[in-house]
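Structure, as structure tokens:
The values are calculated or read from the model by the stated rules, or taken from the named source; none is laboratory data. All of these numbers come straight from a predicted model, not from anything done at the bench. Note: ideal-geometry Cβ built from the backbone for every residue, glycine included; neighbour counts use all protein chains shown. Note: accessible area is taken over every heavy atom of the protein model, side chains too, but ligands, DNA and RNA are not part of it. Shrake-Rupley method; radii C 1.70, N 1.55, O 1.52, S 1.80 Å.
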Amino acid sequence: MNSKTNLTINPQRLWDSLMETAAFGGTPKGGIKRLTVSDEDKEVRDWFKAECEKLGCTVQVDEVGNMFATRPGKKDILPIAMGSHLDTQPTGGKFDGVLGVLGALEALRSLVDMGYETNAPIMIVNWTNEEGSRFAPAMLCSGVYAGVFTADYAYTREDRSGVKLGDELSRIGYKGEHKAGAIKFESMFELHIEQGPILEAEEKIIGVVTGVQGMRWYEVTVTGQESHTGATPMGLRKNALLASARMIDAIDHVGMNHLPGVASVGLIENRPNSRNVVPGEVFFTVDLRHPDEAVLDKMEAAFRQSIAKIGAGSNVTFEEKCIWKSPAVKFAPALIECVRQGAKQAGYSSREMASGAGHDAAYIARVTPTTMIFVPCLGGISHNEAESTTLEECGAGAQVLLNAVLAHDASFA
Ligand code: HGY
Ligand code: MN
Ligand code: MN
């Protein structure tokens, strides 16, 4: 039993809900493919709405599909929110994002079970398009909520087959009537798997998250000339794929030369992608991250310098543009303290850390006090169908989430 409040969550019920919702977009390898505003996303949204309504919550949807489920408190003041996302990567796991939404649902289920009335209303939020995989950039609709992007900008984001996010939101019935940003809350806690190796390596259960590193995304299109692989002499080729390969290797060096920064190329399209045609055009994406914005500037300069040098020496032309910048962000010290106390109260080991991955909390922290709680994932692996954690670790995260929210709620007594 939880020592201070005797308000304990039910880890098995949380685990059962995680496994139940994993079926929405479940893959043969045991992962989840639940792309933003896909049919599978609609299925899990409908499930989530029904479960919140069973708890007596009102569920509101804003103009970019963000969902807000609110349980009233004793006082008519701004809610304390717990939020994350239900969309996944194409080869996503069972816990990225969904643990935060279902961990919040479990906290609310526990409060209802025990007839516990909080001072402030309690809200659960599902943010649209956190992943940014189908529609770039990431954290798009928490970004609209925070005023970083307009709703129209979000509506016009296209996936790689030219489908627009706005059309898909309408199609699945989640283009709500509330303006983004109009549904207010006074703080937000986000529970999430760490998606890295630190907690597991140090045998700690809880990550007391202090902020999120800076992130920048770029798109590069390299143009050469399609030609016959048999009849075109090596010296006369304009090989877009060869030039891109050299650029991708140089981008990896940018990461290696600015540790603990990271530099990655994740998406590449080679055209015409025919075994006997010298590639004429290649599109690829670049993801640069670092905790320090000044170093991120240096990484950006090094990236641009190296692709310009390679381009000039490879008989091709190229275009590059930065499509997204999310500056490094620090979370609210008072809420971080609630998480620290919540872990202690539940008897879990913890350590402070910044987040390598991006989260909706990074944008929400711009408009309201926000913080995060991490739990370990097996081998630090995420964005992978093998993503795994345990019932105990999920339960620990939800318990600390509840403890932290109640600790914060006590300030409204
Ligand atoms: O890219 C990220 O860090 C997040 O998983 N969307
Ligand atoms: Mn996530
Ligand atoms: Mn993710």
0 to 90° range, to nearest 10: angle between helix 391-409 axis and the chain longest Cα axis: 60
Rounded to the nearest 20 debye, dipole of the chain from Cβ charges on Lys, Arg, Asp, Glu: 520
Cross-link partners of Lys33 among lysines (Cα-Cα below 25 Å; sequence separation of 8 or more within a chain): Lys42, Lys49, Lys94, Lys164, Lys175
Max mean-square fluctuation residue, GNM over the chain, Cα-Cα springs under 10 Å, options Ser274, Ser382, Ser142: Ser274
Nonlocal amide H pairs with Val278, under 5 Å, H built at 1.01 Å: Ser227, His228, Thr229
Prolate/oblate/rounded label for the range 1-109 (Cα gyration tensor, a/c 1.5): oblate
Extension reserve of the Glu219-Arg160 stretch, reckoned as 0.36 nm per residue once the Cα distance is removed: 20.0 nm
Relative contact order (%) - criterion: Cα under 8 Å, at least six apart; region: the range 267-413: 21
Positive minus negative residues near Leu296 (Lys, Arg vs Asp, Glu; Cβ under 15 Å): 0
Set of lysines with alpha-carbon distance to Lys344 below 18 Å, sequence-local pairs under 8 removed: Lys4, Lys204
Other-chain or far-sequence residues with amide H under 5 Å of Ser355's (modelled H): Thr210, Gly211, Val212, Gln213
Potential lengthening between Lys309 and Thr232 on full extension [0.36 nm per residue; Cα-Cα distance subtracted]: 25.3 nm
Partnerless cysteines, meaning none of the other Cys C-beta atoms lie under 4.7 Å away, in the chain: Cys141, Cys322, Cys338, Cys377, Cys394
Gyration tensor verdict on the range 78-204 (Cα atoms; rounded if a/c is under 1.5, prolate if a/b is larger than b/c, oblate otherwise): oblate
Under 29 Å from Lys309, Cα to Cα: lysines that are on another chain or at least 8 residues apart: Lys238, Lys298, Lys321, Lys325
J(HN,Hα) series, the range 305-313, from Karplus relation 6.51 cos²θ - 1.76 cosθ + 1.60, nearest Hz, glycine and proline x: 4, 6, 6, 5, 5, 5, x, 5, x
Gained length - Ile198 relative to Asn276, 0.36 nm times residue gap less alpha-carbon distance: 23.5 nm
Solvent exposure of the chain as accessible area per residue, Å², 1.4 Å probe: 40
Under Karplus coefficients 6.51, -1.76 and 1.60, residue-wise ³J(HN,Hα) of the range 71-81 in Hz, glycine/proline x: 9, x, x, 5, 10, 8, 10, 5, x, 8, 9
Degrees separating the helix 11-21 axis from the principal Cα axis of the chain, which is the longest one: 40
Tilt relative to the chain, helix 39-54 - C-alpha long axis, 0 to 90 degrees, to 10: 10
Gaussian network model of the chain, springs between alpha carbon atoms under 10 Å - residue of Gly92, Gly313, Gly261 with greatest fluctuation: Gly313
Other-chain or far-sequence residues with amide H under 5 Å of Thr370's (modelled H): Met188, Ala332
Selected from Pro260, Asn6, Ala182, residue furthest toward positive end of dipole (the chain; charges at beta carbon): Pro260
The chain: most fluctuating residue of Asn66, Asn403, Asn315 per GNM, C-alpha cutoff 10 Å: Asn315
Cα gyration tensor shape of the range 333-413, rounded if a/c is under 1.5, else prolate or oblate by comparing a/b with b/c: oblate
Carbon + sulfur, % of accessible area of the chain - ligands and nucleic acids excluded, 1.4 Å: 53
Theoretical FRET efficiency, 1/(1+(r/R0)^6), r = Cβ-Cβ of Leu259 and Glu337, R0 35 Å, to 0.05: 0.70
Qualifying GluC sites (Glu not before Pro) for the range 129-181 [loop in DSSP, other Cβ within 10 Å: at most 15]: Glu177
